[in-house]
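Everything on this sheet refers to the single structure shown next.
The values are calculated or read from the model by the stated rules, or taken from the named source; none is laboratory data. These numbers come from a predicted model, not from an experiment. Cβ sites come from the backbone with ideal geometry, for glycine too, and all protein chains shown count toward neighbours. With ligands, DNA and RNA removed, areas are computed over all heavy atoms of the protein, side chains included. Shrake-Rupley method; radii C 1.70, N 1.55, O 1.52, S 1.80 Å.
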Amino acid sequence: MEASSSLWGGLNSGIVLSLLAVVWTMLWQALQGLQLHHFFGRHSRRLTRHLASILDPDLTVTVAEYDGGRMRRSDAYKEAKAYLERATREARGSGGVRHLRAEPDKDPDRVLLSMDDDEEITDEFRGAVVTWRACTAPQREDTGLAYYWRGGAPRERRSYKLFFAERHRDLVLGEYLTHVRRQGRAVMVQNRQRKLFTNISGDGSWDSDGLWSDSVWSHVVFEHPKTFATLAMDPAKKKEVMDDLDAFRNGKDYYARVGKAWKRGYLLYGPPGTGKSTMIAAMANHLDYDVYDIELTSVRTNTDLRKLFIETTSKSIIVIEDIDCSLDLTSKRKKKKKKKKKEKEEADKKDGKEEDKEKEDDKAGGSKVTLSGVLNFIDGLWSACGGERIIVFTTNHVEKLDPALIRRGRMDKHIEMSYCCVESFKFLAKVYLDVDDHPRFGAVAALLREVEMTPADVVENMTPKGPSEDADSCLAALVEALEKAKEDALMAKKKKAEGKKEKAGAADDTTTE
């Protein structure tokens, strides 16, 4: 009897425990459905923030180096950096900053000093004391193919952190940050050095600090001495170009009113040696713009070309020299390429494997930039990102370019860089020989009307080759070179006529037979 009651009590206990387990499971599932862990987590974080505000009452504003997913450097960061460079110079005497970073200045005998990483500087604005700190985020550890594809670890992400008391929130956010940006822009204009950029083949390169840079541009200081004052060109045409450039530089309101991106395209065409590259230098010096020289053969895809444009700044000239030689971008070249490809396929039918391998190699390493990509680069939607940009194409053979590439609206102004004329010669004689008139001017002018000679050749022939040479000997050398060029032209013309006569005679003999 006692044994059966004990057994019955054990069963009751087991049933109760089973029911409790079932109830607890159902209750736990219900609690999970309510996501109470998020509820408790949210309140715990709120409590943590409240405790942190008691221990550290300062507010923080972060100015990151890059915005737009690292597509371009933040203007706010550059302006804050320039503002803090000036603040660093002023605080240097009081010992505010112990570790400084030196960068080249416009004056070659001076350097620009800024805070090194993890340094702090204090600033005051209308009674509010704020602190700036230069910060760097730890490098992202990449593994696998992505690491080796880029060639190394990416650059550390830099930023400036601004700390200030909560009671100064409205003053700092409303007025102080605006003050920093305005003053920073003023310092940037004062310290600005014009630069000549070139695109880097690939996704980036190692910088001077030994870090991997995501930038697709590298640069040197632009120091080309050519100006419109020393450019050999027809005076009327030169004035027309200068007036056009001035109108563009001052045309911000006009472009906004008509709804056009603030950019303008220039096509410089003419034989080699006629001054197309020096014209670009004169344009840059006249406008005080940076120059971005794009090597199209180093650009792998249309996307890379777009990234190049995004990373250019305003007040810049974007140059693609010898556009007809850079890539196969014209319809004529495409037809020739297809014809050659067809002939090659017919000749190499027995060697299909080798041909397939060559195609794979072309896909792996060759540029895939297309005519469509270049057209979108010039005046697509992305071309409106930023303003005050001039795009310049140069070519020796304008007839080879696709009409869509150079139509008005893309290349707005076409400038022919022609052979040296009489007015250009007189200008060059004044610049290089410091003579306004000379007895040999008549002979040179007469020959220039009969002979085509580029300004580069004219300058080379009349440049003094030694201390004993004067204006008379230099002009005599030029006259001799022009006479020789005239004889060579007549000889070439005579040979061409004889060749045509021989062909005509051969055709008559064939007809008679």
message: All but one of (1) modelled with pLDDT under 90; (2) touching a Gly at 6+ places or on another chain (Cβ under 8 Å) hold for residue 341; state the number of the condition that does not hold.
response: (2)
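Consider residue 87 carefully, then state whether it is of a type outside the set (S, T, N, Q), at pLDDT 70 or above and more than 29 Å from residue 170 (Cβ to Cβ).
In short, no.
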query: In region 271-288, is there at least one residue being open to solvent by less than 10 Å² (accessible area, probe 1.4 Å) and more than 23 Å from the chain's Cα centre (by Cα)?
result: yes
message: Any residue at all in region 227-238 that's under 20 Å from residue 192 (Cβ atoms), of a type in the set (A, V, I, L, M, F, W, C) and open to solvent by less than 40 Å² (accessible area, probe 1.4 Å)?
response: no
query: If you go through region 240-267, how many residues are touching a residue at least 60 places away in the same chain (Cβ under 8 Å), in a loop (DSSP other than H, G, I, E, B) and over 19 Å from the mean Cα position of the chain (by Cα)?
result: 0
query: Pick from region 461-479 the residues that are outside any helix (DSSP H, G or I) and more than 12 Å from residue 435 (Cα to Cα): which of them is least open to solvent (accessible area, probe 1.4 Å)?
result: 466
statement: Selection from region 399-425 of residues part of a helix (DSSP H, G or I), of a type outside the set (Gly, Ala, Ser) and closer than 23 Å to residue 317 by Cβ yields 405, 406
